[in-house]
1. When chain B is modelled as a GNM with alpha-carbon springs shorter than 10 Å, which of B:ILE73, B:ILE58, B:ILE210 fluctuates the most?
2. How much of the DSSP beta bridge set in segment B:114-233 is antiparallel, as a percent to the nearest 5?
3. Report D for segment A:1-126 in µm² per second (integer): Stokes-Einstein, Kirkwood Rh on Cα pairs, 37 °C, 0.692 mPa s.
4. Once the whole set of protein chains is in place, how much accessible area is left on A:SER169, using a 1.4 Å probe, in Å² to the nearest 10?
5. Between B:THR62 and residues 5 or more places away or on another chain, which pairs have amide H atoms under 5 Å apart, with H built 1.01 Å from N, and which residues are they?
6. Chains A and B: what accessible area do they bury, summed, in square angstrom to the nearest 100, with a 1.4 Å probe?
7. Could you tell me the relative contact order of chain B? Use alpha-carbon pairs under 8 Å, at least six residues apart, and round to a whole percent.
8. Roughly speaking, to the nearest percent, how much of segment A:276-372's 1.4 Å accessible area is carbon and sulfur?
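The values are calculated or read from the model by the stated rules, or taken from the named source; none is laboratory data. Note that this is a predicted model, so its numbers are computed, not measured. Using ideal geometry, Cβ is built from the backbone for each residue, glycine included, and neighbour counts are taken over all protein chains shown. Areas reflect the complete protein model, heavy atoms only, side chains present, ligands, DNA and RNA absent. Shrake-Rupley method; radii C 1.70, N 1.55, O 1.52, S 1.80 Å.
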Amino acid sequence: MNIALADIRHNLGRFLLTCLGLGLLMGVALSMVGIYQGVVAEALALSRSLAADVWVVESGTRGPFAEASRLPGDAREMVQRVPGVAAAGSITLRTAEARTPQGLIRVQVMGYEPGRPGGPSALKTGRGLGGARFEVVADQRAQLAVGATVLLGGDRYTVVGTTRGLVASGGDPLLFMTLRDSQELQFKLAPPAARRASAAGAGAGSIDSINAVIAKLHAGADANAVAETLRRWKHLAALTDAEQSELLTRSVVNRARVQLGMFTVVLLFVSAVIIALIIYTMTMDKLREIATLKLIGAPDRTIVGLVLQQALILGGLGYAAATVLVFSVRDVFPRAVALGVAEVAIMAGIIGTICVLGSLLSIRAALRIEPQQALGS
Amino acid sequence: MITPLVRIERLSKTFGSGDTAVRALVDVDLVIGPGEVVGLKGPSGSGKSTLLNVIACILEPTSGRFSLNGDTIWDGRYLATDLRRLRRERIGFIFQFHNLLPFLNAIDNVALAMTLAGVPAAEARRRAADLLDYLQVGKRATAMPARLSGGEAQRVAIARALANRPRIILADEPTAALDSERARVVMDLLRHVAREQEAAVLVVTHDEKIFDRFDRMVSLRDGRIEDDLRRAA
Ligand SMILES: Nc1ncnc2c1ncn2[C@@H]1O[C@H](COP(=O)(O)OP(=O)(O)O)[C@@H](O)[C@H]1O
Ligand SMILES: [Mg+2]
């Protein structure tokens, strides 16, 4: 017979409730790990989907995600002429409030020229943008089905396709539209003074402005060399895709990443303290039984085994509950919860370690229990 | 000469120190040989439980000396290194309160004592079942302690104490929870075990109804042995 299991069975309801409570706590820690991973994955998803080789942005900036960047509309043609560039496309990026059937949501509007680099490389449902106006491809995060309509800047757009996992660094879903639609939207949403200035065709405020040019290179062309060439152009800065990815994880989502990371550490720490306390309470509740075991001659090995096995069963069941919980509700999280086998396994290892370390105090206390504590009524 | 199973020499136990010190045992001498069934009586607080606990290596004495089975256990300090092993292999203790583990049923409570001593689980269960039958609680083998009556629990506890066939059997008022009929059955059993296993049996009791079941009656008063009467054979 296994006395650790026998004791658990004896107080099964209470033990399972404790496991469940602990499971909730571990579930929060586990989803935090998933959200951490999700933030990094999401930050890279857009640039990965756009599959740019070189990003061309306003001189002196590191746009268009980390910093604001504005280029004249004809920048694309300049980029196109650079040796090594196979194709180039203009893009715009801005956040906007969209009125959807579900209500007002914040979206990241991205304008691009269908047929040129800049659109999503894969669709979940529907089709990509054609040349038609007032069509959008929306990310599934916006919860818009193909055929739904969205109001943006007073115009009605129809959803023709959806993507998966394309969100801005803040978690807002991407909404793709044609460059022309996006430029008009930009104009409509601009403050009145700026609108008057751009209507007058004044410089940087011109309606024909974009935020970046995405370049795809010929096979064999060196991205660094092309970027170097572009940097020498007046008013242009260029980043290779590697530099852009680095910037996205290091700079754009860095704060979120560090915050989530710290939060995860704090949660794990809190879990560790709570697990240690639960194990301690569980052990001290059995003070008389442990004293009795010593009275009938049970060696320390038996006592240590009792505490340790119960701690590991507690942690194991709690973590199993946490995993089931997180995986069944991950889709209703507002942000992606990216958890794979590796994350779940690493967390299991951490929880196991916490359980073992958390038992040490209780084991010490249990070994100090005197057999005569079982005597008397 | 036959080696005594229990030999106690000038043994004292003092709880606390200074003004509040309680001298629970004072210069106790006691020798119990194989097959002897010894009763221990005395008023409450006279040191009976203390004496049993010292012999069971649950309480450390203050001075004196004692040996079990010819091995010196305590002489100013414990000479045996593994007291719990001693307890599980050589001593059967029937506590005043049954002290069964609440999360194990009757048979597992008995079998555990054997598995702790290295008996394989299947054999332990078989022997535990035999012991419970012998003590007439075989029908309650799968009952949890909380569901046992006082008498049943006490008999399961006796089965546990006898599980590893110890040669030193200590019992602290084992018949207190039993009616006189059952109390006699338990005492006869202990006598039987003493004879069969050549064990020394030391039983604390107030129960005059069973005084005739002892070969010897030791009386304690204020921690001292008042008299030690051997029944004429
Ligand atoms: N753990 C202890 N701490 C202090 N005093 C104790 C302790 N155990 C017993 N005593 C004292 O020792 C004396 C003998 O107690 P005990 O052996 O239990 O007597 P009995 O079993 O004969 O009733 C009593 O005065 C009791 O109060
Ligand atoms: Mg007593």
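1. Among B:ILE73, B:ILE58, B:ILE210, the largest GNM mean-square fluctuation belongs to B:ILE58.
2. On the way: 6 of 11 bridges.
If I count the DSSP bridges inside segment B:114-233, around 55 percent turn out antiparallel.
3. On the way: Rh = 19.5 Å.
In µm²/s, the coefficient is 168.
4. 50
5. B:SER12, B:LYS13, B:THR14
6. Numbers: alone 18160 and 11380 Å², together 27410 Å².
By this definition, chains A and B bury close to 2100 Å².
7. Working: 481 pairs, mean separation 65.4, N = 233.
That works out to 28 percent.
8. Numbers: 3060 of 4320 Å².
On segment A:276-372, the fraction of accessible area on carbon and sulfur atoms equals 71 percent.
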